[in-house]
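J.: Starting off with a structure, shown below.
Just so you know, all these numbers are worked out from the coordinates, no wet-lab data involved. Given the structure is predicted, the values throughout are model-derived calculations rather than measurements. Glycine also receives a Cβ, built like all others from the backbone with ideal geometry; neighbour counts cover every protein chain displayed.
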Amino acid sequence: MARHIVARTTEIPPGGNKVVDIAGRDIVVFHVNGEFFALLNRCPHEGAPLEKAACVARLTSPEPGVYERSRVGEMLRCPWHGWEFDMRSGQSWFDPNRVKIRSYPVAVERGEELQKGPYVAETFPVHVEDSYVIVEI
């Protein structure tokens, strides 16, 4: 699987998202609770853009009249029909065995680490002496 640099972490504010094109696919990257998640930017139901989805909490009820919120912001609610998906896995909340959104692995790395590629160019020391640039070989 190829790696693609899609944004600086500061380009996607907490609670925000950014849509990027990777190999002809619209991928939406979310920044939630200090973590980043990447999903195909298309609801499997009717193709709604998930960049417009609401980031909501998981809501459960152990008994009538009692509600518990967890994983605040980690669930997506489709903007067109309200289908809900787990941002971590892409699984749908209503039919987890059959319906899901394609999710992609995300990593955050320092710029210094990214500039170290597998190939290293040969370098030479350079000095400036009395307005002349001198390269040592």
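J.: Please state the charge dipole magnitude for segment 26-93, taken about the Cα centre, from unit charges on C-beta atoms (+1 on K and R, -1 on D and E), reported in debye and rounded to the nearest 20. Mind showing how you got there, number by number?
T.: On the way: 7 positive and 9 negative charges, 11 e Å.
Dipole about the Cα centre, nearest 20: 60 debye.
J.: What order, most packed first, do the peptides 60-72, 95-107, 22-34 have when packing is the mean number of other Cβ atoms within 10 Å of each residue?
T.: Going from most to least packed, we get 22-34, 95-107, 60-72.
J.: For Lys52 and Glu109 in the same chain, what is the full-extension length gain: residue separation times 0.36 nm, less their Cα-Cα distance, in nm?
T.: Here the segment from Lys52 to Glu109 would lengthen by 17.8 nm.
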